[in-house]
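Step one of this worksheet: look at the structure below.
The values are calculated or read from the model by the stated rules, or taken from the named source; none is laboratory data. The shown structure was predicted, so the numbers you read here are calculated from the model rather than taken from an experiment. Virtual Cβ from ideal backbone geometry, glycine too; neighbours counted across all protein chains shown. The accessibility values were calculated without ligands, DNA or RNA, using every heavy atom of the protein model including side chains. Shrake-Rupley method; radii C 1.70, N 1.55, O 1.52, S 1.80 Å.
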Amino acid sequence: MKQPFELPHFYLPHPARLNPHVEEARAHSTRWARDMGMLEGSGVWEQADLEAHDYGLLCAYTHPDCDGPALSLITDWYVWVFFFDDHFLDMFKRTPDRAAGKAHLDRLPLFMPLDPAADVPEPRNPVEAGLKDLWARTVPAMSQDWRRRFAVATEHLLNESMWELSNIDGGRIANPVEYIEMRRKVGGAPWSAGLVEYATAEVPASVAGTRPLRVLMETFSDAVHLRNDLFSYQREVEDEGENSNGVLVLETFFGCTTQEAADTVNDILTSRLHQFEHTAFTEVPALALEKGLRPDEVAAVAAYTKGLQDWQSGGHEWHLRSSRYMNQGAVSTAPWQRLTGPGTAAADVVALLASAAAERLRAYAHVPFQKVGPSLLPDFLMPYQVELSPHLAAARPRLKAWMRGTGMLSEGVWDEDKLDAYDLPLCSAGLDPDATPEALDLSAGWLAWGTYGDDYYPLVFGRRHDLAAARLTTARLSACMPVEDGQVPVVPVNGMERGLIDLWARTTAGLTPDERRPLRAAVDTMTESWLWELSNQLQNRVPDPVDYLEMRRATFGSDLTLSMCRRGRGPAVPPEIYRTGPVRALENAAIDYGCLTNDVFSYQKEIEYEGEMHNAILVVQNFFGCDYPAALGIVHDLMTQRMRQFQHLAAHELPVLYDDFQLSAEARAALEGYVADLRNWMAGVLHWHREVDRYKPDFLARRSHGFVPDRVPAAPVAHLTGQTG
């Protein structure tokens with residue numbers, strides 16, 4: 001059969017190695033699959049299918065250093081997960097039978113108890129039998145923390161099959177951002193990362209949830225999935241009718257040829273591997289110092305990182321050999337790894353290395369403060385009408401008095417003229433048109449504080465290249481938000497600290513410690529993301545596109561926004577509802593629309609006047625090598641797709657979620673109110689950007705060069721005492 005596109009040259013920095021116990025794993029996994037009922041009689045596989053897929057070879061390539069028993073166990077896990085995928089396809093996707101598919105998935109977590117001694121049901125099919133056996137054999141060697149993380153990754157892998165089923169049923173193809181997020185769950189690479197820990201070393205619990213370790217796992221996942229999409233396009237799209245393939249997603253989004261989409265997928269894959277290396281070499285060592293990891297813990301993280309690299313190379317090697325995939329014309333090594341024989345011209349090697357390095361170096365080649373002219377504004381899709389609070393006019397002078405009282409208008413970053421031009425109460429009035437005067441003041445205070453901090457960090461710390469002072473400031477800000485009742489453990493020394501202490505006290509009055517923790521975590525997420533921006537600024541590094549979009553939510557204060565929107569919804573909405581895929585997707589679609597709105601309006605302000613690199617349009621320009629209008633077109637198309645996804649989720653997926661969880665009428669009404677809040681949020685954000693002077697050319701020309709402080713305002717002291725919570 002003719003291939004739909006020519007496979008690209010893949011970035012392969014590490015050679016694949018083969019585990020010597022491969023034959024042992026092959027033989028064991030065949031016996032095990034038969035014992036579990038996965039072969040003859042299953043209606044899914046015959047032994048010939050299993051042998052052709054060769055999961056023993058996959059695991060021997062992806063885990064080259066573990067011993068024979070460990071390799072056999074890991075191979076059994078992969079046999080199970082691929083059997084699950086093919087079984088789900090035959091039983092529920094081809095039909096499609098959503099109700100039966102959900103009933104099948106709902107039982108599987110019962111076979112993964114955190115306590116190995118807990119009772120589990122009797123298996124009803126080979127998928128359940130395999131999971132029961134594997135869980136019992138695996139978890140005794142791993143910690144409670146690992147069990148919890150691996151169980152969650154497995155549940156995501158299983159449950160998001162319903163997302164694929166829904167898209168197939170509706171003939172819907174995801175947008176690129178949605179696809180990357182959902183592919184991580186349904187594609188299984190985070191699950192694979194858990195097995196890398198089993199094969200190498202368990203990541204210390206103290207750092208397992210941090211950004212550097214999360215980015216290692218996510219970049220690993222994205223690269224694994226995108227590589228698989230390239231090799232499996234023919235089978236999935238042309239044979240099985242799948243909609244969940246990155247090549248098809250980009251083909252649809254850009255309206256380009258299949259070959260162009262495949263080449264772009266490979267470019268994203270390469271960028272994700274570069275991000276993996278950047279994180280491993282810069283952020284992980286800094287994290288080890290910050291957390292004070294012991295030598296054995298540092299060694300564990302290093303072994304895990306190397307294990308992820310081995311998986312990338314080994315997974316590629318397996319794709320070249322498995323009958324499961326399209327692999328005609330693919331090569332097993334990078335071009336420069338083949339040019340080692342006699343007669344190879346040194347110039348050829350240099351040229352190939354230069355080509356391989358070009359994309360990596362481009363991220364560091366941006367020239368700041370380029371003149372770009374006024375921001376171009378497209379015709380935004382906004383189906384919702386903005387409504388404004390009747391208390392807006394009275395809120396403006398109250399915010400000014402509060403900002404003046406904290407000292408944030410006398411530190412050289414903002415003054416009253418800037419505060420008036422930014423008109424944060426107008427934003428609050430659109431985000432929450434039904435707010436009481438007190439709630440509107442609180443919302444405007446948080447918006448002003450967060451916007452001030454976002455301006456403060458690059459201006460004060462960025463221009464001085466003082467990341468250490470920024471880290472200290474971030475730690476002190478976190479200490480300004482005690483979880484337990486009692487005195488704040490720091491004496492405020494600047495406007496940001498005084499403002500945060502006051503906002504925290506007013507916001508958390510009457511809340512329990514458990515209710516305060518998520519709110520403090522939301523603020524911490526925002527302030528720590530400012531450190532990420534600073535680090536990139538000091539390196540003159542334009543971020544990877546996927547990393548940028550995900551971190552943009554944090555720099556925009558999205559977690560804080562969502563926390564505010566959820567307040568008052570009460571116990572009618574069970575907490576687990578907010579963790580479901582449809583609700584998280586709804587939130588992220590709305591947030592991305594708001595973040596990208598800001599990037600479109602602030603392009604001239606950030607690129608020309610501030611020397612910023614954290615703008616989606618610039619990130620797209622850098623990645624695709626295109627001009628400003630073309631990059632703006634791509635960002636605008638993505639905004640439009642995110643809005644349409646929001647509408648699709650609200651109209652089609654939330655009603656199914658209500659039925660799945662058998663929500664009460666009260667809970668359904670509360671969630672519909674939450675959806676209305678998100679609609680108001682998007683409409684209010686767009687309206688505010690259109691109205692205020694902050695992004696307008698005349699104001700930028702008048703105020704862009706003023707108020708650059710010649711010292712760090714009220715430098716904090718290094719010692720923290722008595723921090724609670």
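Exactly one residue among Ala395, Ala421 is more than 34 Å from the chain's Cα centre (by Cα), modelled with pLDDT of 95 or more and farther than 20 Å from Met526 by Cβ, and that residue is Ala395. Looking at the stretch 617-625, can you tell me whether even one residue there is closer than 18 Å to Pro176 by Cβ, open to solvent by 10 Å² or more (accessible area, probe 1.4 Å), in contact with a Cys (Cβ under 8 Å, 6 or more places away or on another chain) and in contact (Cβ under 8 Å) with a residue 12 or more places away in the chain? Scanning the stretch 617-625 turns up at least one residue that is closer than 18 Å to Pro176 by Cβ, open to solvent by 10 Å² or more (accessible area, probe 1.4 Å), in contact with a Cys (Cβ under 8 Å, 6 or more places away or on another chain) and in contact (Cβ under 8 Å) with a residue 12 or more places away in the chain.
Would you mention how many residues in the stretch 292-316 are within 28 Å of Asp229 (Cα to Cα) and either assigned to a loop (DSSP other than H, G, I, E, B) or in contact with a Pro (Cβ under 9 Å, 6 or more places away or on another chain) (or both)? Residues flagged as within 28 Å of Asp229 (Cα to Cα) and either assigned to a loop (DSSP other than H, G, I, E, B) or in contact with a Pro (Cβ under 9 Å, 6 or more places away or on another chain) (or both) within the stretch 292-316 amount to 5. Taking Pro8 as the residue in question, decide whether it is part of a loop (DSSP other than H, G, I, E, B), in contact (Cβ under 8 Å) with a residue 60 or more places away in the chain and not charged (D, E, K, R). Answer is yes for this residue. Only helices (runs of 4 or more DSSP H) whose full extent lies in the stretch 351-458 are considered here, and the ones with at least 2 residues that are among the hydrophobic types (A, V, I, L, M, F, W, C) and without any contact (Cβ under 8 Å) to a residue 60 or more places away in the chain are 392-406, 437-456.
Scanning the stretch 649-674 for residues that are within 15 Å of Ala585 (Cα to Cα) and surrounded by 18 or more Cβ atoms within 10 Å (Cβ to Cβ) yields Leu649, Ala650, Glu653, Leu654, Leu657, Leu671, Tyr674. Is it the case that Asp267 is assigned to a helix (DSSP H, G or I), without any contact (Cβ under 8 Å) to a residue 12 or more places away in the chain and open to solvent by 10 Å² or more (accessible area, probe 1.4 Å)? Considered against the rule, which asks whether it is assigned to a helix (DSSP H, G or I), without any contact (Cβ under 8 Å) to a residue 12 or more places away in the chain and open to solvent by 10 Å² or more (accessible area, probe 1.4 Å), Asp267 comes out as no. Can you name the residue in the stretch 21-45 that is of a type in the set (A, V, I, L, M) and assigned to a helix (DSSP H, G or I) and is also farthest from Ala129 (Cα to Cα) among such residues? Top of the filtered list is Val22. Residues in the stretch 46-84 that are outside any helix (DSSP H, G or I) and under 35 Å from the mean Cα position of the chain (by Cα): 6 in all. In the stretch 191-226, of all residues being touching a Phe, Trp or Tyr at 6+ places or on another chain (Cβ under 9 Å) and not in a helix (DSSP H, G or I), the one that is surrounded by the most Cβ atoms within 10 Å (Cβ to Cβ) corresponds to Val203.
When every residue of the stretch 35-43 is checked against the conditions, none turns out to be under 35 Å from the mean Cα position of the chain (by Cα) and either surrounded by fewer than 20 Cβ atoms within 10 Å (Cβ to Cβ) or among the polar types (S, T, N, Q) (or both). Does the stretch 227-248 hold any residues that are part of a helix (DSSP H, G or I) and either open to solvent by 10 Å² or more (accessible area, probe 1.4 Å) or over 26 Å from Ala262 (Cβ atoms) (or both), and which are they? Once the filter is applied, which keeps residues that are part of a helix (DSSP H, G or I) and either open to solvent by 10 Å² or more (accessible area, probe 1.4 Å) or over 26 Å from Ala262 (Cβ atoms) (or both), the stretch 227-248 yields Asn228, Tyr233, Gln234, Arg235, Glu236, Val237, Glu238, Asp239, Leu248.
Has the stretch 626-647 got any residue that is closer than 23 Å to Asp379 by Cα, in a loop (DSSP other than H, G, I, E, B) and either of a type outside the set (A, V, I, L, M, F, W, C) or out of contact with any Ser or Thr (no Cβ under 7 Å at 6 or more places or on another chain) (or both)? Yes, some residue in the stretch 626-647 is closer than 23 Å to Asp379 by Cα, in a loop (DSSP other than H, G, I, E, B) and either of a type outside the set (A, V, I, L, M, F, W, C) or out of contact with any Ser or Thr (no Cβ under 7 Å at 6 or more places or on another chain) (or both). Just wondering, is there one or more residues in the stretch 669-676 that are part of a helix (DSSP H, G or I), within 21 Å of Tyr593 (Cβ to Cβ) and touching a Leu at 6+ places or on another chain (Cβ under 6 Å)? Taking every residue of the stretch 669-676 in turn, none turns out to be part of a helix (DSSP H, G or I), within 21 Å of Tyr593 (Cβ to Cβ) and touching a Leu at 6+ places or on another chain (Cβ under 6 Å).
Being out of contact with any Cys (no Cβ under 9 Å at 6 or more places or on another chain), without any contact (Cβ under 8 Å) to a residue 40 or more places away in the chain and open to solvent by 70 Å² or more (accessible area, probe 1.4 Å) is a property that Glu51 has.
All conditions but one from (1) more than 17 Å from Ala448 (Cα to Cα); (2) assigned to a helix (DSSP H, G or I); (3) open to solvent by 40 Å² or more (accessible area, probe 1.4 Å); (4) of a type outside the set (Asp, Glu) apply to Gly486; the one that does not is (2). Considering only residues in the stretch 502-551 that are among the β-branched types (Val, Ile, Thr) and open to solvent by 40 Å² or more (accessible area, probe 1.4 Å), the one that is nearest to the chain's Cα centre (by Cα) turns out to be Thr525. For the condition modelled with pLDDT under 95, within 23 Å of Glu181 (Cα to Cα) and under 19 Å from the mean Cα position of the chain (by Cα), Asn245 qualifies. Among the residues of the stretch 92-102, at least one is assigned to a loop (DSSP other than H, G, I, E, B), under 23 Å from Tyr325 (Cβ atoms) and modelled with pLDDT under 95. Screening the stretch 600-616 for residues that are out of contact with any Pro (no Cβ under 6 Å at 6 or more places or on another chain), not aliphatic (A, V, I, L, M) and not in a helix (DSSP H, G or I) and picking the one that is most open to solvent (accessible area, probe 1.4 Å) gives Glu610.
Each row is one residue, and each column tells you yes or no for (1) modelled with pLDDT of 50 or more; (2) part of a loop (DSSP other than H, G, I, E, B).
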site	(1), (2)
Val685	yes, no
His689	yes, no
Tyr695	yes, yes
Asp698	yes, no
Gly706	no, yes
Ala715	no, yes
Ala718	no, yes
